[in-house]
Amino acid sequence: MKKKSKILKIIKWTALTFFLLAAVFFLVRAIGKAVYSRTPDGGINQSMYIDINGTKQWINIYGEDLDNPVLLYLHGGPGSATSTIDYAYTRKWADVYTVVTWDQRNCGKSYGAEQNDIVLTRELFMTDGKEVTEFILDYLAKDKLTILGHSWGSIYGANLVLEYPEYYECFIGTGQLVDYLENEEAFRQEALLWAKDDQETLALINQLTPDHVTMEHITARNAIMQKYGYDMMANGSDYNFITTIIFNPNYSLIDWLDYLQGDMGVYLDFFASQEFASFSLKGRTDYQVPFININGDKDYQTNYRLAQEYFEQVNAPYKKMYIMENMTHGLLESDSEGFSEILHRIAETEKTR
């Protein structure tokens, strides 16, 4: 009986400890969410689902002054929504821009299993981008906005600016992707230089299929980059991911469960398709708006050398290249402060244009 009583006591104290810890966690989370959910005086902080091209897609609008120019941030991937963490770095721009973050179709908070049978095409994305832009301009009573695209978002944004220049006042690409097929082959060539006679790396290189991207290709590419210190987060982050996730003002626990259950198979199909390849910027160099790049000098996920070569060919009313030293593809997270400083310089330049 004594042994049974002792076991029951341990169970009771374990349950009580767990309950107290959970209570503290949810209290701290509630306070943090409340802080980040506040609307700046004279500014805006709104999240909403909007009707885009037959689907509900999620956006957040945050800014400290509604008179500021608008910046639409396009996340990478394709399909890698950043709404789980991006408020931590996009709000560092909110004193000079009204920043709109958008979870593109069928990913992040825009995910819906009913969309998994839809074939993703260039036309679909271009219509989505145009309709999102039109909604933002109408909602915020603006004539034009600036696009900032990272990785896939950079080639997507460049296509939007090239096709609908009347909607945009500036293009900013970071981790600039120029041509997906050329980019993957360029990575293979870089990897061969790194490997030399390393048999382990050469075996991984043999798994690369630059002309037809598969999960095996992506896994091998990521393993090679990590081995040689070029992976996306090789530089770590200058803010805390865990607290950013815990205090995220846009995610409920149900949102997190939905996020973890998302199926990205439709995006892998798109990544390996000619539809994705058709976004190529090769031979398309005439921009009617300022063209600006911010790239890391150790970015081989979207090869920075190819981005520099393309930049030299670009014809635009104004163009500027910023190189962030010792930065890989994750420059937004690794040096969010440095990135923000560059964006502030860009905003100041555009103000006088």
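The values are calculated or read from the model by the stated rules, or taken from the named source; none is laboratory data. Being a predicted model, the structure only gives us computed values, none of them experimental. Reconstructed Cβ throughout: ideal geometry from the backbone, glycine too, with neighbour counts over all protein chains shown. Surface accessibility is based on the protein's heavy atoms, side chains included, excluding ligands, DNA and RNA. Shrake-Rupley method; radii C 1.70, N 1.55, O 1.52, S 1.80 Å.
Every test in (1) open to solvent by 10 Å² or more (accessible area, probe 1.4 Å); (2) at pLDDT 95 or above is passed by VAL119 save one, and that test is (2). Taken over the stretch 310-336, the criterion of being more than 20 Å from the chain's Cα centre (by Cα), polar (S, T, N, Q) and surrounded by 15 or more Cβ atoms within 10 Å (Cβ to Cβ) is satisfied by no residue.
Residue under question is PHE125, and the condition is that it be in a helix (DSSP H, G or I) and open to solvent by 50 Å² or more (accessible area, probe 1.4 Å); does it hold? Walk me through it before giving the result.
Details: in a helix (DSSP H, G or I): yes; open to solvent by 50 Å² or more (accessible area, probe 1.4 Å): no.
No.
The criterion of being out of contact with any Phe, Trp or Tyr (no Cβ under 8 Å at 6 or more places or on another chain), in contact (Cβ under 8 Å) with a residue 24 or more places away in the chain and of a type outside the set (Gly, Ala, Ser) does not hold for ASP297.
Starting from residues that are closer than 20 Å to GLU325 by Cβ and outside any strand (DSSP E or B), keep the ones in the stretch 288-298 and report whichever is least open to solvent (accessible area, probe 1.4 Å).
As a first pass, look at the stretch 288-298 and keep what is closer than 20 Å to GLU325 by Cβ: 292-298.
Now narrow it down to the ones that are outside any strand (DSSP E or B): 297-298.
Details: ASP297: 44, LYS298: 77 Å².
Residue satisfying both the conditions and the ranking: ASP297.
Just wondering, is there one or more residues in the stretch 154-173 that are touching a residue at least 60 places away in the same chain (Cβ under 8 Å), part of a loop (DSSP other than H, G, I, E, B) and surrounded by fewer than 21 Cβ atoms within 10 Å (Cβ to Cβ)? Checked the stretch 154-173: no residue is touching a residue at least 60 places away in the same chain (Cβ under 8 Å), part of a loop (DSSP other than H, G, I, E, B) and surrounded by fewer than 21 Cβ atoms within 10 Å (Cβ to Cβ). Being open to solvent by 50 Å² or more (accessible area, probe 1.4 Å) and either touching a Cys at 6+ places or on another chain (Cβ under 6 Å) or part of a helix (DSSP H, G or I) (or both) holds for only one residue in THR133, THR146, THR219, and it is THR219. Looking only at the stretch 96-144, residues that are farther than 20 Å from GLN274 by Cα and within 18 Å of the chain's Cα centre (by Cα) come to 14 in all. Scanning the stretch 229-287 for residues that are of a type in the set (A, V, I, L, M, F, W, C), crowded, with 19+ Cβ neighbours inside 10 Å, in a loop (DSSP other than H, G, I, E, B) and within 18 Å of the chain's Cα centre (by Cα) yields MET232, PHE279. Taking the criterion of being more than 30 Å from GLY229 (Cα to Cα) and out of contact with any Phe, Trp or Tyr (no Cβ under 6 Å at 6 or more places or on another chain), the residues of the stretch 282-294 that qualify are GLY283, ARG284, THR285, ASP286, TYR287, GLN288.
Suppose we keep only residues that are touching a helix residue (DSSP H, G or I) at 6+ places or on another chain (Cβ under 6 Å) and of a type in the set (Gly, Ala, Ser) within the stretch 187-211. Which one would you say is nearest to THR302 (Cα to Cα)? Filtering the stretch 187-211 for residues that are touching a helix residue (DSSP H, G or I) at 6+ places or on another chain (Cβ under 6 Å) and of a type in the set (Gly, Ala, Ser), the one nearest to THR302 (Cα to Cα) comes out as ALA191.
Remark: pairs (first residue in the stretch 66-77, within 17 Å of GLY175 (Cα to Cα); second residue of a type in the set (Asp, Glu); Cβ separation under 8 Å; 6+ apart in sequence or on different chains) = TYR73/ASP86; HIS75/ASP86; HIS75/ASP103. A residue that is at pLDDT 95 or above and among the charged types (D, E, K, R) occurs somewhere in the stretch 55-64.
Answer yes or no: is there a residue in the stretch 137-154 that is touching a Gly at 6+ places or on another chain (Cβ under 8 Å) and among the β-branched types (Val, Ile, Thr). Yes, the stretch 137-154 has at least one match.
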